[in-house]
Each structure stands twice: as structure tokens, then as C-alpha cells.
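Report on the following structure.
The values are calculated or read from the model by the stated rules, or taken from the named source; none is laboratory data. This is a predicted model, so every value here is computed, not measured. Please note: Cβ atoms are built from the backbone with ideal geometry, for glycine as well, and neighbour counts cover all protein chains shown. For accessibility, only protein heavy atoms count, side chains too; no ligands or nucleic acids. Shrake-Rupley method; radii C 1.70, N 1.55, O 1.52, S 1.80 Å.
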Amino acid sequence: MPRFETITLSLPAHWIAPVLYGDTDNLDDGEAQAFDRWLKDTIEDVGHGKLPLVGGIKDDTYFARYHDAAEYGVLACDCYDVDLLVEVVREEPNDPVQDYVAANKWTTAADIFGMEE
């Protein structure tokens, strides 16, 4: 059974339709290219080749200069915090520690060693 981690990204509010539905009609050409580059990088770097699932979107927008689309040329804008569910990829095949963790459904060192976080 696959395990998932949640990562939270600060994304432009005008990217929500493309994130949820893949619909870039409301974006101009430059914004659509920026979104496509972000999506490609996210699939490769975060999703390990798979499209991450949207786990949730926070209800309130906020104005942000520094957000997770800034490196793609998106200027300061209203943003949402978006939770992406990313499948955990095993780093080492047939690793007994990972097998033990998966069998016991433990996900953190604190769970494994009984430590408090």
C-alpha cells in the first residue's frame, strides 16, 4: 500500500484552476508557460515522476511577495496554501529498516524510537 506525505506550497490564487483541473485558459501565454514549468518540476522533483494529488486548499488568501512560484517569474500576488499529497518512494529497495517501518506503519523517527517530537 502506498504511503503519502503532505507538503504545503504557497501558490498564486490565479493558479488554483490549473492546479485542480489543468485548465490554463485563464492564464496568458507567459503565465501558462510558468505554470507548465512549475508543474513539470513538481512532478519530477516532488512527485518522483507522478502527478501529486491536491490534499486541500486553505480557505483564506494572503498577499505574498515570496511564494513557491516566484522562481518561475510570478510576481507578488494573492496566494493560497495548497497541500499536495506525494507518494513516498522507497530510497533503497529491499531495505530491512524500511520494510520494518512499512510493516508497522511507522512514519517518523519519533514513532520508531518512541521519542516525543
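Considering only segment 23-43, how many residues are over 16 Å from A69 (Cα atoms) and loosely packed, with under 12 Cβ neighbours inside 10 Å? Spell out the reasoning first.
Going residue by residue through segment 23-43, those that are over 16 Å from A69 (Cα atoms) are 23, 25-26.
Then keep just the ones that are loosely packed, with under 12 Cβ neighbours inside 10 Å; that gives 23, 25.
Counting residues in segment 23-43 that are over 16 Å from A69 (Cα atoms) and loosely packed, with under 12 Cβ neighbours inside 10 Å gives 2.
Find the strands (runs of 3 or more DSSP E) located wholly in segment 40-102 whose residues include 2 or more that are modelled with pLDDT of 95 or more and either in contact with a helix residue (DSSP H, G or I) (Cβ under 7 Å, 6 or more places away or on another chain) or hydroxyl-bearing (S, T, Y) (or both), and list them. First the steps, then the outcome.
Working: elements: 53-57, 62-64, 77-87.
Filter on segment 40-102 gives 77-87.
Would a scan of segment 50-61 turn up a residue that is surrounded by 12 or more Cβ atoms within 10 Å (Cβ to Cβ), out of contact with any strand residue (DSSP E or B) (no Cβ under 8 Å at 6 or more places or on another chain) and acidic (D, E)?
No; the residues of segment 50-61 include none that is surrounded by 12 or more Cβ atoms within 10 Å (Cβ to Cβ), out of contact with any strand residue (DSSP E or B) (no Cβ under 8 Å at 6 or more places or on another chain) and acidic (D, E).
Any residue in segment 65-80 that's of a type in the set (D, E, K, R): show its pairings with residues that are open to solvent by 60 Å² or more (accessible area, probe 1.4 Å) at Cβ separation under 6 Å, as long as the two are six or more apart or on different chains.
D78/T61; D78/F63
Which members of segment 1-18 meet the condition of being open to solvent by 30 Å² or more (accessible area, probe 1.4 Å) and among the β-branched types (V, I, T)?
Scanning segment 1-18 gives T6, I7, T8.
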